[in-house]
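The values are calculated or read from the model by the stated rules, or taken from the named source; none is laboratory data. Remember, predicted model here, so these are calculated numbers, not experimental data. All Cβ positions, even for glycine, are placed from backbone atoms using ideal geometry, and neighbour counts span all protein chains on display. Side chains included, ligands, DNA and RNA excluded: accessible areas come from the protein's heavy atoms. Shrake-Rupley method; radii C 1.70, N 1.55, O 1.52, S 1.80 Å.
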Amino acid sequence: MRTAPRDRLLGELLLEAGLVGANDLERGLALQQKIGGRIGSVLMRIGAVSEDNLLQVLSRQLGLPVMGADVPAPDEDVVRVLAAQAPVGIDWLLDQQVLVWPGEGSDLFCAARDPLQPALRDSMRHAYPGRRIHWCLCRAQDLERALDGLAHHARNDEFGGGDEQQLRAMAEEAPVVELVSNLMAQAVEQRASDIHLEPEERIFAVRFRIDGVLHTRLQLPRERFDAVASRLKLISGMDIAERRLPQDGRLSTRVGGQEMDIRVSALPGVHGESIVMRLLPKERKELGLERLGFEPDHLAMMKAWTAEANGIVLVTGPTGSGKSTTLYAALAAANDGLKKIITVEDPVEFQLPAITQIQAHPDIGLTFANALRSILRQDPDVIMIGEIRDLETAEIAVQAALTGHLVLSTLHTNDAISAFTRLVDMGVEPFLVATPIRAVQAQRLVRRLCPHCARPHAVPARIEAEARVFAERVLPGVAPRWMEAVGCSQCLNTGYRGRLGIYEMVPVTERMQHLIVSGASVNDMKALAREEGCRFLRDDGLLKAWQGLTTVEEVLRVAGS
């Protein structure tokens, strides 16, 4: 193991490796003077560095291996047997947060929250005279999981929750604070969009949604869940004593060196509250239409729609399909400094410069509809509505479009054409659907192939023939480049890294208006859209696979076969 000189300060090494910034290091040192502790723990606490990165640098500085990376993690049964035989007693090991397991011969491995503590090292030497002890660094969550399992088997003591004061005290304990901070830092490092905490009868699982797919990252004893849930509810402004009703919260923090907005949702279940955290970086580089995966013809259409003086442009799709990101990019494209742009959202996901953004608060009467009435008195040019959820909001959006405003909004439908029938089902008159709507777009997100491990792959002839129909028209001269996902360390062995959109864009022509007013079926409207040159989600996805950006399997998974 290549080590750094022991006299080099940890802060210097982290700064040299580019893992922390100078400002974060100064903040950490200032906080360390106030609260004490080691600088590494302080930097993790303020979100300046993730625990994995910190352990790598500490390992080089101290010459100590990392449990689970350089040294295999011990088996739970082996730890339990050795702890039961420990001369110092299992309660002392739990109190000092020490984990001991056998090595080769009479050697022992030992991991602790602070393996450099002199008193702890002396106690272990006296407890195991003549035996060589190899000290290890360890991730806090790995140590917590092992010690919790040890405590559970030793005492068979299940934590029962307690009153608000007890929950608040547990939420402020250092191990719980560190565990929550580490989970968020790991999620940011692995590009997760959501963190799911799901309690079961005996364990609770932590899963990260990465590129739209859930991956289990951790399983901890159920006894730890109440403290972790209380910590999350506390820092996100929720009532920690309320476990029977759904709650929503929000916090802004610095995680892994990035400023993040985190939306927290708690939903009561049979075994406890399911908690989901949506991670929203405050700085978004991809808020531009050119970066979202539009093909050249679709990009030109979207830019033309956002340049309209009035009308409604709808973006449809299920939750998590990137609708909000597309709308923000459209607003950025429309924001030329000459227009008054106002949004009403629930919640406001990203803050945009030179745009007035309103957070809806239905509990105090500030609904989309009520906010829209006030917005129209603000002389706007462009209005963005987070979602059209009811007839009242839909009618005001139609009125705004008919009186000279451009309205951008989202709708939950499976495809673009279904937006027309959805509005009619809400109660909007068909002629009021046909007249103001300029266009409807549907979208999904597919995983982008990892550039480090993707390799060429043959596809069925019928798939290539299907894609060629659109490729010859949209991408003339571009040869097919079919690829398959493999998996490597760069993409966490998934074969994919990042996502891009596939789109279905339907302009409302005179013929389409006639079908909407006459109450034609969705199939008739789809046939007209196809006749007028529109391509659907599957078609656009196959174009992405044609270019080697994703795989046919991924397109079929998302868009259907």
note = Every listed condition ((1) out of contact with any Gly (no Cβ under 9 Å at 6 or more places or on another chain); (2) at pLDDT 95 or above) holds for Gln490 save (2)
remark   = Matching residues in the range 267-284 (more than 26 Å from Glu51 (Cα to Cα), among the aliphatic types (A, V, I, L, M) and at pLDDT 90 or above) number 1
request  = Go through the range 163-183 and count every residue that is open to solvent by 40 Å² or more (accessible area, probe 1.4 Å), in contact (Cβ under 8 Å) with a residue 12 or more places away in the chain, more than 21 Å from Arg139 (Cβ to Cβ) and in a helix (DSSP H, G or I).
outcome  = 2
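Looking at this structure, is Ser230 of a type outside the set (A, V, I, L, M, F, W, C) and free of Cβ contacts under 8 Å to residues at least 40 places away in the same chain? Please lay out each step first, then the result.
Values: of a type outside the set (A, V, I, L, M, F, W, C): yes; free of Cβ contacts under 8 Å to residues at least 40 places away in the same chain: no.
So Ser230 does not fit the description; no.
Quick check: is even one residue across the range 502-513 part of a loop (DSSP other than H, G, I, E, B), touching a Gly at 6+ places or on another chain (Cβ under 7 Å) and either among the hydrophobic types (A, V, I, L, M, F, W, C) or in contact (Cβ under 8 Å) with a residue 12 or more places away in the chain (or both)? First the steps, then the outcome.
Keep residues of the range 502-513 that are part of a loop (DSSP other than H, G, I, E, B), which gives 508-509.
Applying the additional criterion that residues be touching a Gly at 6+ places or on another chain (Cβ under 7 Å) yields none.
Looking through the range 502-513, none of the residues is part of a loop (DSSP other than H, G, I, E, B), touching a Gly at 6+ places or on another chain (Cβ under 7 Å) and either among the hydrophobic types (A, V, I, L, M, F, W, C) or in contact (Cβ under 8 Å) with a residue 12 or more places away in the chain (or both).
Could you identify the single residue in Val428, Val486 that is open to solvent by 50 Å² or more (accessible area, probe 1.4 Å), of a type outside the set (Asp, Glu), more than 26 Å from His298 (Cα to Cα) and assigned to a loop (DSSP other than H, G, I, E, B)? Can you show your working first?
Working: Val428 fails: open to solvent by 50 Å² or more (accessible area, probe 1.4 Å).
After applying the criteria, what remains is Val486.
Being modelled with pLDDT under 90, open to solvent by less than 60 Å² (accessible area, probe 1.4 Å) and touching a helix residue (DSSP H, G or I) at 6+ places or on another chain (Cβ under 8 Å) is the requirement here; does Leu287 meet it? Walk me through how you get there before you give the answer.
Numbers: modelled with pLDDT under 90: yes; open to solvent by less than 60 Å² (accessible area, probe 1.4 Å): yes; touching a helix residue (DSSP H, G or I) at 6+ places or on another chain (Cβ under 8 Å): yes.
Judged against the criteria, Leu287 is a match.
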ask   = Which of the residues belonging to the range 298-341 are assigned to a strand (DSSP E or B) and without any contact (Cβ under 8 Å) to a residue 60 or more places away in the chain?
value = Ile341
inquiry  = Name the residue that is nearest to the chain's Cα centre (by Cα), counting only residues in the range 307-327 that are buried (at least 20 other Cβ atoms within 10 Å of the Cβ) and among the β-branched types (Val, Ile, Thr).
reply    = Thr325
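Check every one of the strands (runs of 3 or more DSSP E) wholly within the range 342-411 and list those with 2 or more residues that are open to solvent by 50 Å² or more (accessible area, probe 1.4 Å) and farther than 20 Å from Pro318 by Cα.
Numbers: elements: 356-359, 382-385, 406-411.
Ranges flagged: 356-359.
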request  = Scan the range 518-548 for residues that are buried (at least 16 other Cβ atoms within 10 Å of the Cβ) and over 20 Å from Ala559 (Cβ atoms) and report the count.
outcome  = 2
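For the structure I just gave you, tell me whether Gly130 is of a type outside the set (S, T, N, Q) and at positive phi. Don't jump to the end; show me each part of the working.
Working: of a type outside the set (S, T, N, Q): yes; at positive phi: yes.
Judged against the criteria, Gly130 is a match.
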Tally of residues being open to solvent by 30 Å² or more (accessible area, probe 1.4 Å) and either touching a residue at least 60 places away in the same chain (Cβ under 8 Å) or part of a strand (DSSP E or B) (or both) across the range 431-450 = 7
request  = Collect the residues in the range 264-281 that are in contact (Cβ under 8 Å) with a residue 24 or more places away in the chain and either of a type in the set (Ser, Thr, Tyr) or farther than 16 Å from Gly322 by Cα (or both), keeping them in residue-number order.
outcome  = Val264, Ala266, Pro268, Gly269, His271, Gly272, Glu273, Ser274, Ile275, Val276, Met277
request  = For Ala454, work out the one condition from (1) over 23 Å from Pro318 (Cβ atoms); (2) crowded, with 21+ Cβ neighbours inside 10 Å; (3) out of contact with any strand residue (DSSP E or B) (no Cβ under 8 Å at 6 or more places or on another chain) it doesn't fulfil.
outcome  = (3)
